[in-house]
Amino acid sequence: MCFYYAVVKTSAKELVKNGIIKEEQLSLFSDQQFVKGFDFPLMPVISSDKPEDIQMFRWGFVPPHIRSDKKAKEFLNRYNTLNARSETIFESRLFNEVIHKQRCLVLCSGFFEWRHKNPGKKNSEKYPFYVSLKDDGMFVFGGLWEKFTDQSTGEIIHTYAIVTTPANELMEIVHNNKKRMPLIIEPEKALNWLGTDLSENEIKSYFKPFDSSKLKATPIKKINPRLQYKNDPGITVYYHYEELGSLLNNYPEYFEQSVDFRKGNSPTLF
């Protein structure tokens, strides 16, 4: 699953190097520290129909038969189309056509996920983590896009869903309830994802968990997803949970900790 992510203009050198974006295009959108999918926000996307441009698409896939923005919001409140499962995407009535030609890249700098103290229990205590590349650079999710026309205004509205895969080793530890993760595409392969002539097998070759060794997960202070944090840079700062100490120590290659905690001193609390 991926319902919350960040798009902050940290280093974009790998995206620029591989021709995904141009440095000057970063001015086309603003930083957002905490993006909530259930707000159905407009977010920066690169689509197969205009691979040279950064466009603002609405997060939450809406099928083309919808005829008004009001009906679109009703659809989104009834069905969760923020994500599209890679395992069933070719059989899905909602996604089986667009997966062939209408793919997109979703700009991102990290995403949020929760670890459950007791997986499977409804009221289990949860600990939030911020997952990003080890070098803190920007990257891209693989997604699908569609458009519908509001008949009352003539406005064409583009929407998207983020493709998800089974979790990699790191995300199995972090997202230990559902064990899912967003499809992260290597920058050198990202533009090919937009190609409209890929075969089904070529598309399926992308559906694999991202390499855990290239990611890090930072425990952060507990947050309420109902609140607004999009302009709060402190949301991704390390926070120490005593009960997670052994977990973090067992996987030092994955988990970001404070310098004090790594040295065995009293951790800095934020």
Q. So which aspartates and glutamates pass the test for LYS50, namely a Cα distance under 14 Å, with those fewer than 8 places away in the same chain ruled out?
A. GLU146
Q: Kindly provide the chymotrypsin sites (Phe, Trp or Tyr not before Pro) of segment 1-91 that DSSP labels as loop, not H, G, I, E or B, and whose Cβ sees at most 12 other Cβ atoms within 10 Å.
A: none
Q.
From the helices alone, meaning DSSP H stretches of at least four residues, give me the mean residue ellipticity at 222 nm for the chain, per-run term -39500 (n - 2.57), in deg cm²/dmol to the nearest 500.
A. -4000 deg cm²/dmol
Q | Cut-off 13 Å between beta-carbons: net charge of the residues surrounding ILE220, Lys and Arg +1, Asp and Glu -1 | A | +2
Q: Kindly give the semi-axes, whole Å and largest first, of the ellipsoid equivalent to segment 112-161, taking each as the square root of 5 times a Cα gyration tensor eigenvalue.
A: 36, 20, 8
Q.
Which order do the peptides 164-174, 12-22 come out in when sorted by mean C-beta neighbours inside 10 angstrom, highest first?
A. 164-174, 12-22
Q) Of ASP197, ASP49, how do they rank once you tally other Cβ atoms within 10 Å and put the fewest first? A) ASP197, ASP49
**Q.** Helix 69-78 vs. the chain, principal-axis angle (Cα, 0 to 90°, nearest 10)
**A.** 40 degrees
Q: Take the cross-link list LYS36/LYS121; LYS70/LYS221; LYS9/LYS122 and give me the ones stretching past 28 Å between alpha-carbons.
A: LYS70/LYS221; LYS9/LYS122
Q: Note the per residue figure in Å³ for the convex hull of the C-alpha positions in the chain.
A: 136 Å³
**Q.** Reachable aspartates and glutamates from LYS117, criterion Cα separation under 17 angstrom, eight or more residues apart if same chain
**A.** GLU125, GLU172, GLU242, GLU243
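Quick note: the coordinates plus some simple rules give every number you see, no bench work behind them. None of the values given here were measured: they were computed from a predicted structure. In this analysis, Cβ positions are derived from the backbone assuming ideal geometry, glycine residues included, and neighbour counts consider all displayed protein chains.
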